[in-house]
Amino acid sequence: DKGGYPFYMEKEIMEQPRVIGETVKPRIKDGKPDFTAEGIPDEMLASCRRICVIACGTAMHAGLVGKSLIQSLIGIHVDVVMASEFMYNDPIVDKTTLVIAISQSGETIDTLEALKFARKCGSPSISIVNVKGASIARASEYVIYTNAGPEIAVASTKAYTTQLAVLYLLTARMAIARKLWSDEQMKEYMEELQRVPAVMEEVLKSKEEIHHIADTMLNARDVFMIGRGLDYSILLEGSLKLKEISYIHSEAYASGELKHGTIALITEETPVIAVVTQDKLKSKELSNIKEVQSRGARVILLIKGQEELEQEKIWSRIFRLPVMKDEFMVMPVSIVLQLIAYYVSLDKGLDVDKPRNLAKVVTVE
Ligand code: M6R
């Protein structure tokens, strides 16, 4: 049942406010994150010296956001490793390394094998899985289920944002286990997390505006997506989404790295999506954007809030994102990027839910 939408992907995008709520709410007690039901001991979260996230594709991109959160808010070193590469790089994992395996299906063989390897090395483990009872859930010591419900479209949307929701909760639980935040800080963070569904609804109401932005990309051969820090992490996911279902070549690039070679590829024909949501990075991001504009690129700007911009006319499109604390801005941005990919694919007349060459579950290494 596609719920009246032409494709499952659109239905699943629209479901996000609800399923985020269903993932977060049962894990809040007295305003604090709580994993008693999962049995996760605080001792495990308090004692690890580093964290290693193993995952593939979209799930790995969720891990990158988790890395930013945990490093900046908890101060523990986090590596995010592509599961398919994990075992071939002589990984250094041991009982002081908490391994977090992330997988929607819970059946991705690369992730499963990497997890088993880490467990043999003595690492404690938590998996974040959507499908109940899946192999990865069974192979890990503890499991946190994302309550996204069945995800049918090959392109992952609600699984990704519910994985993020779990990572926000886990970060806050780590702060409790390690006695790091003040009551005030915890309260603000948890209130912001619970505001995510309403903020997502607000973005979803701008569907038609986002559809018009997608229209400007229909005939593009290449698209670039640029940003720094968390903005870069979310663009990696947005770019994968666009490639996967629209077959347009797209690259997410850290804006500061562009001028070390890749900017040579940017011409007047290249749409560039720039995301600017992190206060401390804003001035650098805006000056990197000027560099691509001076090569004639058409820049589509996704920016937090209503602040005035110099020369509004030089932007091909501007989308104003609702304001959240910087670390939560990936949530509204992800909806915009999912919808852009969706509308490009839809308007090209492609099979959005079943892109060529792809399977929902990858069970070969
Ligand atoms: O089921 P998993 O989360 O382990 O799957 C991992 C990737 O295959 C998956 O996220 C893939 O990248 C998606 N099709 C992206 O939309």
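Some values worked out for this structure:
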{"item": "Euclidean distance between Cα centres, segment 137-209 to segment 319-360, Å", "result": "17 Å"}
{"item": "Debye, to nearest 20: dipole size of segment 243-365, +1 on Lys, Arg Cβ, -1 on Asp, Glu Cβ", "result": "60 debye"}
{"item": "Share, in percent, of DSSP beta bridges within the chain that are antiparallel, nearest 5", "result": "5 percent"}
{"item": "Kirkwood hydrodynamic radius of segment 85-143, from inverse mean 1/r over distinct Cα pairs, in Å", "result": "11.2 Å"}
{"item": "Principal-axis tilt of helix 183-204 within the chain, Cα atoms, nearest 10 degrees", "result": "50 degrees"}
{"item": "Equivalent-ellipsoid semi-axes of the chain, from the Cα gyration tensor, Å, largest first", "result": "32, 23, 21"}
{"item": "Expected 222 nm ellipticity per residue - DSSP helices of 4 or more, -39500 (n - 2.57), all of the chain, to 500", "result": "-13500 deg cm²/dmol"}
{"item": "Trypsin sites (Lys or Arg not before Pro), loop per DSSP, at most 10 other Cβ atoms within 10 Å - longest free stretch of the chain", "result": "222-355"}
{"item": "Cα-based Rg and Dmax for segment 130-243, where Dmax is the largest Cα-Cα distance (Å)", "result": "17.7, 53"}
{"item": "GNM result for the chain, Cα springs below 10 Å: residue of Ile340, Ile126, Ile40 fluctuating most strongly", "result": "Ile40"}
{"item": "Apportionment of accessible area to carbon and sulfur, segment 236-299, percent (1.4 Å)", "result": "53 percent"}
{"item": "Charge dipole of the chain about the Cα centre (unit charges at C-beta), most positive-ward option of Met82, Met60, Leu115", "result": "Leu115"}
{"item": "With 5 Å bins from 0: P(r) over segment 1-150, alpha-carbon pairs, percent", "result": "2, 9, 17, 21, 21, 15, 8, 5, 2, 1"}
{"item": "Per-bin percent of Cα-Cα distances, segment 186-234 [5 Å]", "result": "5, 14, 12, 17, 24, 13, 7, 5, 2, 0"}
{"item": "Net charge of neighbours whose Cβ lies under 9 Å from the Cβ of Ser125, counting Lys and Arg as +1 and Asp and Glu as -1", "result": "0"}
{"item": "1.4 Å probe accessible area per residue over the chain, in Å²", "result": "41 Å²"}
{"item": "DSSP-assigned coil residues among GluC sites (Glu not before Pro) in segment 170-271, each with at most 11 further Cβ atoms within 10 Å", "result": "Glu268"}
{"item": "For segment 277-357, convex hull of alpha carbons as volume per residue, Å³", "result": "141 Å³"}
{"item": "Carbon + sulfur, % of accessible area of segment 118-229 - ligands and nucleic acids excluded, 1.4 Å", "result": "50 percent"}
{"item": "Per-selection Rg to Rh, segment 106-173 - Cα, Kirkwood hydrodynamic radius", "result": "0.98"}
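The values are calculated or read from the model by the stated rules, or taken from the named source; none is laboratory data. Only a predicted model underlies this, so the values are computations on that prediction, with no experimental measurement involved. All Cβ positions, glycine included, derive from the backbone under ideal geometry; neighbour counts span all protein chains shown. For the accessible areas, the whole protein counts, side chains as well, though only heavy atoms, and no ligand, DNA or RNA atoms are used. Shrake-Rupley method; radii C 1.70, N 1.55, O 1.52, S 1.80 Å.
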